[in-house]
Each structure stands twice: as structure tokens, then as C-alpha cells.
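Here, each number is a calculation from the coordinates, and none is a lab measurement. What you are looking at is a predicted structure, and each value in this text was computed from that prediction instead of being measured. Counting neighbours? That spans all protein chains shown, and the Cβs are built from the backbone with ideal geometry, glycine included.
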Ligand code: MSP
């Protein structure tokens, strides 16, 4: 049996509610998961929450709750948002779950037993918002965190570390052999140049209890809890059952794609492979690809809680897009279309409303509504049969474009170029709208009423081609806008029949005389709007 396509998102910290940055990684992962399911692949999409560490301990204390109660509350907000955005995850792991704690402790014991850990005093700098240690050499001017530029605190504490340098040469060699391992290429280069200089001696993987109490107890050292990043990264193997469900683990591992933001590249592309290597998971069991996307910014600034410029996705969906029956899909579309994956993007209300109006209402919504209305009016709501003589010359470009779509989607999504995939779908949508203008079915209908048989035949041919185009667009949009896709599918008369990528190459694919359903406008104009 083929290995399921295993996709991960980062585990989100539960110190605060989810924002659009979190939703971006998750929507992208969901889109990829849905695309693979549409292809017929079995998929395992894993997401979850990162619940230990100093920053959650502090956030819980500030709210007067225990860390566990606090985490339980925030987790519900993440889950509710994933429900709202139709995230089709297969598993949701919380690092406070017993199934995870057990694996982390077993891994610590393994590393200790393999002689991989050093017990020593660690001296360095700690950034609590990033939950990351830095060495003197890594600090930027003014003792700021090199990642988020916030103040760091000096730490000198005894603990257990995983030496990094002995694995550095191995990792360099691994990257030389796998130049596609980290996407986009700029991120690969970043990691490669990081590895050209000596890495910090070691990664401290514990924290003394007197400083941080909220963590997984270290089984061989009562005074310590596990460092939150070591704990969290292991979720990628604890969820599929490393050490606890060997058969399931063997089937799922390695992860096919780790989707992350560029802020946590070093943790995933340097620490994580070194941890796996130290655990004795051999090279061919390394994750297959790491893809790091850019940041959503507000103006010039990265969105973050401490800067107070957080955008809450549920407010965007429920308030900004109020009155839109497919608001969550419109939001998904915006995230995936607006910025090429990997680059930074600017979030603004104008930008999302602009996309809604131009791409979704004027292009897609219009095409669907016009086509269904004309089918209703001119062919009694039934999809005409494919023309006996085949496609007319004027129809060829649209047909060719529709048939080229599966390969275009495949290429773009293999490389996680979501915006490029959507551009291809919307080129077809735009051309189909222009086709309506150039073929002017209303004039053909007029001539047909005057008993012109050729016009009557041609009218049917035009409407048939438009119905076929909508069928293709509905399938292609499933990973991006699952509810819109399902609505289009229903309106075309396919009911709840499954959508499959392979049906894109079936042409024609609409059963003749299938009854369509003229239903709601997919993207209505906001009330009182003149746009
Ligand atoms: N808990 C760690 C990850 C552990 S993974 C084993 C963590 N959590 S986080 O909640 O701070 O953020 C995780 C991810 O959220 C980032 O990597 C990125 O995917 C996403 N984003 C957070 N802010 C973002 C933006 N402003 N823009 C885009 N995505 C960003 O780090």
C-alpha cells in the first residue's frame, strides 16, 4: 500500500489567540492536503498546539489561571478557527497530551543511553517570545534577539545539551545531496551559509525547574524540564506513533512536507535533523521537504502580539466579510492568491475586499451566475449534449486551456506555488467570461427564436462549453475554496458526487441533459455598495 502523504504545520503556541499568520500556514497545508486527496492519495495532515514553556507559563499567570486550564481555553479557539476555515486535519496533537509526553521522555532516555547528551553549565542569551537560546556570537548589536530583535536575558544554568558540532559535517553532506530539501531556494541558501560557520557547540534541551516549571519532566534529572523546542519538534514523530505504534509509524514516516514560516527555519532545518540523527533515525527517514513561507505584515511590520498589530481571522471572516455566504473561502482565496508562497505580503482590508470584488464577484461569481441563468432561460435548465460535430473553432482555446489545467495545477502544487495555480484557474475563468461576450448567446437565442436552426445548435454548443468549463473550474478550486467548489458542483447538478482530479482530463464530463440548479449568487455585492 502506498505511503500516505504526510503534511505537518508548526504547533502553534497557546499564549494568545490565533492570528492570520497561523491561519496562513494551516490554510496552505490544508490546500495541499486537499489537492492530494483530490488526486486520490491517502493523506495525513497533522496540526496542533505547543503548550509548554516560559511564555505560556507567564501568559497563564498573567490571566490568573493554571497553564493547563489556560492552554485548554486557547486550544478551543484554534480548533474553532480551523472549523470555520474548513481545515481538514487528520490529527491534532497537543504537547500536553500523554501520548506525546511519553514519546518525548522515551527520546530523552534514548539520547542519554546512546551517550548523546552532555551535562554542563550553559551560558548564553534567551529570548522568551521566540523561546530560543542564542550565543554571544549570534547576538546582534545591543543584545537583541537576532530573530525578533527583542531584548534577550542572560542565562547561565546547568542542564543537558545535545552537541551540534559533531553532526555539522553530516548535515552539510546531507544538504549537498538534497538541494531541494528546503524550499524556496533562498531559504536553502540561508541554511547552507549558516552551516558554513561553526554551529553553536550544543543545543540546551532542558531548563531548570526553578526557572521554568511548565514543561515535560526530564526522566533522569528531577530538577529539570524539557526545553520547549525539543519537546515540540518531536510531535512530528510522536503523532504518527514513534516508539508506541511501530506499524503505524512505519507507514506514515517520514513527513513529506513540513510547512513552516521562515521565522522557524533554523529549528526545523538544523536542530530537527540533528535531533533525528542523534536518535538514530537514518538518512532515508529524514523528512522529505521543508517549505518556509514569508510573513504577513501590517504596513512594514511583522504581525505579532507584542507589537499589538494582530489581525484575527475570525473577525475578518465574520465582520469584514459579513454577508458573504462563502466568507471563509474568500479569506482562504485571498491568503493563497495574494502573495507568491515564500515571499512576504502586506495584509490590508482594501486588499482583501479588492480581491473579493475583482476576482471572486466579477470574474468567478459572474461566470457561474451568467452561465446558469442562460442554461435556465435557453435550455430549460438542462446541460445540452456535446455537439455531434465536436468543438467549434472558437471553442478550441477554452477547451485546450481546460485540458491543460491538471498539469498546470500539478506542477504548481508540487512546488507549493499556490498563487500560480490560482492564476491558471482564473485565466480560464476570465477567458470564459470573454468567450460569453464574443459569442453573445443572447443574440444566438434571438436568431434561434426566428427559427434559425444553426443558431439554435450553436447556442447549445456555447452553453455546453460553458458548463464544461464550470465543471473543470469547480474541481480545480476544491483545494482552495472547498465550499464554493461544492456549491458550484451542486449547482451544476452533480449533487454530492465526489470531485476527482482525474475527471479534469475527462472531456466532456457533464452528462447530457443534467439538470442544473440556479441557486444563490456566490459572492453578492455588499448591501448598499455601488461597486
Ligand atoms: N511553537 C512554535 C513552533 C513549533 S513547531 C514544532 C512557534 N509557534 S508560533 O505560534 O509562534 O508560530 C508558528 C508559525 O505561525 C510560524 O512559523 C508561521 O508559520 C506562523 N506565523 C506566525 N506569525 C506569522 C506572520 N506574521 N506571518 C506569517 N506566518 C507567521 O513558533
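Here region 187-286 was treated as a single set of alpha-carbon atoms; its pair distances binned every 10 Å from 0 give 13, 39, 36, 13, 0 percent. Rounded to the nearest 10 degrees, the angle from helix 165-177 to the longest Cα principal axis of the chain is 20 degrees. Quick check on the chain: of the DSSP beta bridges with both residues there, what percent are antiparallel, nearest 5%? Here the share of antiparallel DSSP bridges comes out near 55 percent. Under the simplified labelling scheme, the residue 97-residue 519 pair shows an inter-label distance of 3.3 nm, with each label point 7 Å from Cα along Cα→Cβ. Applying 1/(1 + (r/R0)^6) with R0 = 35 Å to the Cβ-Cβ distance of residue 86 and residue 119 gives a FRET efficiency near 0.15. The ranking of 122, 271 by Cβ neighbour count inside 10 Å, starting from the fewest, reads 271, 122. The slack between residue 315 and residue 396, meaning 0.36 nm per residue of separation minus the straight C-alpha distance, is 24.8 nm. Both radii come from the Cα set of region 351-505: Rg as radius of gyration, Rh as Kirkwood radius; their ratio Rg/Rh reads 0.98.
The residue 194 and residue 69 beta-carbon pair, evaluated with R₀ = 30 Å, returns a calculated FRET efficiency of approximately 0.15. Using a ≥ b ≥ c from the Cα gyration tensor of region 1-126 (square roots of the eigenvalues), is it rounded, prolate or oblate, where a/c under 1.5 gives rounded and otherwise the larger of a/b and b/c decides, a/b for prolate? It comes out oblate by the Cα gyration axes.
Over the chain, DSSP H runs of length four or greater, each weighted -39,500 (n - 2.57), average out per residue to a 222 nm ellipticity of -13500 deg cm²/dmol. Enter the angle in degrees (range 0 to 90, nearest 10) between the Cα long axis of helix 67-84 and the first principal axis of the Cα atoms of the chain, meaning the one along which they spread out most. The answer is roughly 20 degrees.
Could you tell me whether region 5-302 comes out rounded, prolate or oblate from its Cα gyration tensor? Rule is a ≥ b ≥ c as square roots of the eigenvalues, rounded for a/c under 1.5, then prolate if a/b exceeds b/c, otherwise oblate. Kindly include the intermediate steps, with their values, before the conclusion.
Working: a/c = 1.24, a/b = 1.12, b/c = 1.11.
Taking the square roots of the gyration eigenvalues as a ≥ b ≥ c, region 5-302 is rounded.
Would you list 517, 437 from fewest to most Cβ contacts within 10 Å?
Values: 517 14, 437 8.
The fewest-first ordering by Cβ neighbours comes to 437, 517.
Counting only alpha carbon atoms, the long axis of helix 185-196 and the longest principal axis of the chain meet at about 10°. Taken as Cα centroids, region 459-504 and region 87-164 sit 48 Å apart, rounded to the nearest whole angstrom. Spatially, region 427-449 and region 188-205 are offset by 59 Å when compared through their Cα centroids. Of all DSSP bridge pairs formed entirely within region 5-302, close to 55 percent run antiparallel. Going 7 Å from the Cα of residue 137 in the Cα-to-Cβ direction, what parts of region 184-213 have a backbone nitrogen less than 19 Å from that spot? Output list for this probe position: 190-205.
Hey, fewest Cβ within 10 Å first, where do 147, 238 land in order?
Working: 147 19, 238 24.
Ranked by crowding around the Cβ, least crowded first: 147, 238.
Over 38 Å apart: what share of the alpha carbon pairs of the chain falls there, rounded to a whole percent? So the portion of pairs separated by more than 38 Å is 35 percent. Cβ-Cβ distance of residue 438 and residue 298, R₀ of 35 Å, FRET efficiency by 1/(1 + (r/R0)^6): the value works out to about 0.25.
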